[in-house]
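Asks: Pasting in a structure now, in structure tokens, and then I'll have a few things to ask.
Every number here is computed from the coordinates shown, using simple stated rules; none is lab data. Quick caveat: nothing in here was measured; it's all calculated off a predicted structure. Heads up, the Cβs are rebuilt from the backbone with ideal geometry, glycines too, and the neighbour counts pull from every protein chain shown.
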Amino acid sequence: MSGNLFVNTGGTLTLASHEQIADSAGITVDGGTVSAWSTDETIAFYTQNSGGLTAGGNTGHVVISGALTLSGGNTLVINSNISPTPASWIVGSAALTGADILVGGGNGASNPTTKLRLAPGVSA
């Protein structure tokens with residue numbers, strides 16, 4: 001996809017393979033669902049006004065070069081996946097005014113942890 005994606009009420013976005021969205025494009029969720037984000041993706045922004053990610057299967061590696069904005073909707077859940085390459089989200093900035101983020105637990109002995117990393121100097 002070369003342009004921004006809008007997931008409106010009743011719609012579902014399923015990312016079936018890695019790097020489907022242009023790095024310069026973003027996602028806005030207004031009531032729709034983003035199902036099990038298990039792929040690797042770099043996007044410009046993610047805005048969630050209502051609706052949002054499902055609670056399970058979010059084991060991908062996501063880089064958001066700009067803003068992660070959660071003004072409503074579902075808790076953003078980054079799941080553990082018991083793997084040597086656990087889920088990770090790296091974001092340029094974050095604004096959490098209406099939804100929370102839940103980062104998964106352990107990934108098994110000797111595996112790295114699931115992580116959410118904000119750019120240096122960014123606070124949520």
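Asks: Give segment 49-86 a look and list any residue that's surrounded by 17 or more Cβ atoms within 10 Å (Cβ to Cβ) and under 10 Å from the mean Cα position of the chain (by Cα), or say none.
Replies: Scanning segment 49-86 gives GLY52, LEU53, ASN58, THR59, GLY60, HIS61, VAL62, ILE64, LEU68, LEU76, VAL77, ILE78.
Asks: Could you check how many residues of segment 1-10 are part of a loop (DSSP other than H, G, I, E, B) and surrounded by 14 or more Cβ atoms within 10 Å (Cβ to Cβ)? Spell out how you get there, then give the answer.
Replies: Restricting attention to segment 1-10, the residues satisfying the condition of being part of a loop (DSSP other than H, G, I, E, B) are 1-4, 9-10.
From what's left, surrounded by 14 or more Cβ atoms within 10 Å (Cβ to Cβ): 4.
Residues that pass the stated criteria total 1.
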